[in-house]
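Colleague: Questions regarding the structure given below will be posed in turn.
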Amino acid sequence: MIQTEAIEKAKEHFAKLLEEQLSRVDQIKAGEDWADYSKLRPIIIGVVGGDGIGPYITREAVRVLSYVLAAEIAEGKVELRDIAGLDIESRVKVMKALPEDVLAALKECHVILKGPLTTPKKGDKWPNLESANVSMRRELDLFANVRPVKVPEKGIDWIFYRENTEGEYVLGSKGINVTDDLAVDFKVITTPGAERIVRLAFEYARKNDIKKVSAVTKANVIKATDGKFLETARRVAREYPDIQFDDWFVDIMAAKLVDEKRRKDFKVIVLPNLYGDILTDEAAEFQGGVGTAGSANIGKRYAMFEAIHGSAPRMVEEGRAAYADPASMMRASVMLLRHIGFVKQAAKLENALDVCGQLERKVVLTGRADGATGAEFADYVMQTLGAKL
Ligand code: IPM
Ligand code: MG
């Protein structure tokens with residue numbers, strides 16, 4: 001009887017989730033227009049320092065960004081605005097993944113540069129709140145997580161289009177412990193949700209004259225959701241006959257990214273949320289580690305730019321925060337600049353980061369006191385920019 005009750009409770013919970021998801025589908029279908037940054041004055045860039053090493057690396061990225069945008073800031077075309085209240089202590093104080101006043105402040109910005117945020121998990125010293133990242137991506141409908149990985153000398157030039165608002169994540173904090181012995185989570189893929197990410201990936205390929213898009217799923221096993229993602233990708237691909245389309249299962253894709261002969265063939269890779277999470281960490285490792293990779297979270301109205309890595313609490317505990325590599329946040333800034341239409345400034349900063357991080361490497365970070373500090377690296381980037389401006 002207790003079991004019947006548990007099942008009834010779970011059914012009720014599930015029914016509510018389905019209602020929420022169906023109304024999300026309606027919202028996606030209703031659509032909205034893409035923001036036109038050329039019309040916004042000033043463009044407001046919200047800055048969230050984050051937790052752990054976040055404030056350290058964000059500070060250095062902001063110094064470089066302010067340097068690159070000095071003229072635009074002086075002319076009132078761009079405003080950099082600090083957004084407080086997203087650090088883990090503040091979130092725990094109000095017991096919200098994304099406190100309402102912070103969400104309101106974020107919505108007054110046009111784009112956001114965000115340092116890594118602590119994501120609590122079961123057994124931590126923190127209450128098990130939903131990830132603020134996941135919550136922000138959902139609340140601002142940042143459906144495309146775009147993560148480029150480049151290693152020119154190895155012929156690697158990939159760009160991942162990770163779906164960012166569905167999959168395993170959207171109900172990741174809404175699973176059910178049906179009984180003490182049975183836990184169930186849910187994975188969600190919607191037709192319009194899959195379609196908009198696949199379309200964005202193909203549009204990127206078309207605009208940049210890239211002739212190949214690959215989809216990654218596990219549709220042989222996860223049949224309903226991954227099946228829908230794959231089917232949608234195939235349907236959209238037919239609208240782009242000049243672009244070659246293929247699909248891979250996530251396990252063999254993880255292997256092929258290591259295969260030096262095959263991996264050069266991949267260009268644009270589109271995939272559901274969790275597979276994107278995992279493969280982009282793997283891919284970033286070839287480029288010099290997650291500390292070197294930036295990530296764009298794009299929606300029609302808002303966009304957020306961040307590092308792909310976490311807040312590295314151990315570095316802070318061991319007194320090494322000042323040695324954390326701010327390159328990831330600077331790469332995120334490049335993506336931000338490009339997104340809001342400052343293409344020249346983006347190219348200059350990207351070039352300076354290539355010089356400082358890969359080609360010249362006069363200032364090298366090791367994450368420890370035997371290497372440079374993040375501030376020294378930022379100075380080096382600005383000197384390099386100065387020489388080129
Ligand atoms: C990322 C991170 C996040 C994610 C975490 C911090 C919730 O790993 O941006 O890839 O899983 O999406
Ligand atoms: Mg990740």
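The values are calculated or read from the model by the stated rules, or taken from the named source; none is laboratory data. The structure displayed is predicted, hence computed values, not measured ones. No Cβ is skipped: glycine too gets one built from the backbone with ideal geometry, and neighbour counts run over all protein chains shown. For the accessible areas, the whole protein counts, side chains as well, though only heavy atoms, and no ligand, DNA or RNA atoms are used. Shrake-Rupley method; radii C 1.70, N 1.55, O 1.52, S 1.80 Å.
Colleague: Among the residues of the stretch 290-308 satisfying the criterion of being more than 12 Å from ligand 1 (Cβ to nearest atom) and open to solvent by less than 10 Å² (accessible area, probe 1.4 Å), which is farthest from residue 219 (Cα to Cα)?
Modeller: Among residues in the stretch 290-308 that are more than 12 Å from ligand 1 (Cβ to nearest atom) and open to solvent by less than 10 Å² (accessible area, probe 1.4 Å), the one farthest from residue 219 (Cα to Cα) is 303.
Colleague: I'm told residue 150 meets every condition in (1) more than 16 Å from ligand 1 (Cβ to nearest atom); (2) open to solvent by 10 Å² or more (accessible area, probe 1.4 Å); (3) in contact with a Phe, Trp or Tyr (Cβ under 9 Å, 6 or more places away or on another chain); (4) over 18 Å from residue 328 (Cβ atoms) except one. Can you identify the failing condition by its number?
Modeller: So residue 150 meets the others, but not (4).
Colleague: So, one more: Could you please give the count of residues in the stretch 365-380 that are open to solvent by 60 Å² or more (accessible area, probe 1.4 Å), part of a loop (DSSP other than H, G, I, E, B) and not polar (S, T, N, Q)?
Modeller: 3
Colleague: Can you name the residue in the stretch 166-177 that is buried (at least 16 other Cβ atoms within 10 Å of the Cβ) and assigned to a strand (DSSP E or B) and, of all such residues, is nearest to ligand 2 (Cβ to nearest atom)?
Modeller: Within the stretch 166-177, the match that is nearest to ligand 2 (Cβ to nearest atom) is 167.
Colleague: Quick one: how many residues across the stretch 69-94 are over 21 Å from the mean Cα position of the chain (by Cα) and either farther than 24 Å from residue 312 by Cβ or open to solvent by 50 Å² or more (accessible area, probe 1.4 Å) (or both)?
Modeller: Count: 14.
Colleague: Any residue in the stretch 271-285 that is open to solvent by 50 Å² or more (accessible area, probe 1.4 Å), on the phi < 0 side of the Ramachandran plot and away from ligand 1 (no atom under 14 Å from the Cβ)?
Modeller: Looking through the stretch 271-285, none of the residues is open to solvent by 50 Å² or more (accessible area, probe 1.4 Å), on the phi < 0 side of the Ramachandran plot and away from ligand 1 (no atom under 14 Å from the Cβ).
Colleague: Another question about this same structure. Can you tell me which residue within the stretch 338-364, out of those that are within 16 Å of residue 327 (Cβ to Cβ) and either in contact (Cβ under 8 Å) with a residue 60 or more places away in the chain or hydroxyl-bearing (Ser, Thr, Tyr) (or both), is least open to solvent (accessible area, probe 1.4 Å)?
Modeller: 349
Colleague: Additional query: Please pick out the residue among 104, 183, 97 that is at pLDDT 95 or above, assigned to a loop (DSSP other than H, G, I, E, B) and more than 12 Å from the chain's Cα centre (by Cα).
Modeller: Step by step, each of 104, 183, 97 is checked, and only 97 is at pLDDT 95 or above, assigned to a loop (DSSP other than H, G, I, E, B) and more than 12 Å from the chain's Cα centre (by Cα).
Colleague: For the stretch 284-311, enumerate the residues that are aliphatic (A, V, I, L, M) and modelled with pLDDT of 95 or more.
Modeller: Of everything in the stretch 284-311, those that are aliphatic (A, V, I, L, M) and modelled with pLDDT of 95 or more turn out to be 296, 298, 303, 304.
Colleague: Among the residues of the stretch 116-130, is there at least one that is of a type in the set (Gly, Ala, Ser) and either closer than 26 Å to residue 169 by Cβ or assigned to a strand (DSSP E or B) (or both)?
Modeller: Yes, some residue in the stretch 116-130 is of a type in the set (Gly, Ala, Ser) and either closer than 26 Å to residue 169 by Cβ or assigned to a strand (DSSP E or B) (or both).
Colleague: Kindly evaluate residue 163 against the criterion of being among the acidic types (Asp, Glu), within 16 Å of ligand 2 (Cβ to nearest atom) and under 23 Å from residue 337 (Cα atoms).
Modeller: It is true that residue 163 is among the acidic types (Asp, Glu), within 16 Å of ligand 2 (Cβ to nearest atom) and under 23 Å from residue 337 (Cα atoms).
Colleague: Looking at (1) more than 12 Å from ligand 1 (Cβ to nearest atom); (2) open to solvent by 20 Å² or more (accessible area, probe 1.4 Å); (3) not in a loop (DSSP other than H, G, I, E, B), find the lone condition where residue 325 falls short.
Modeller: Exception for residue 325: condition (3).
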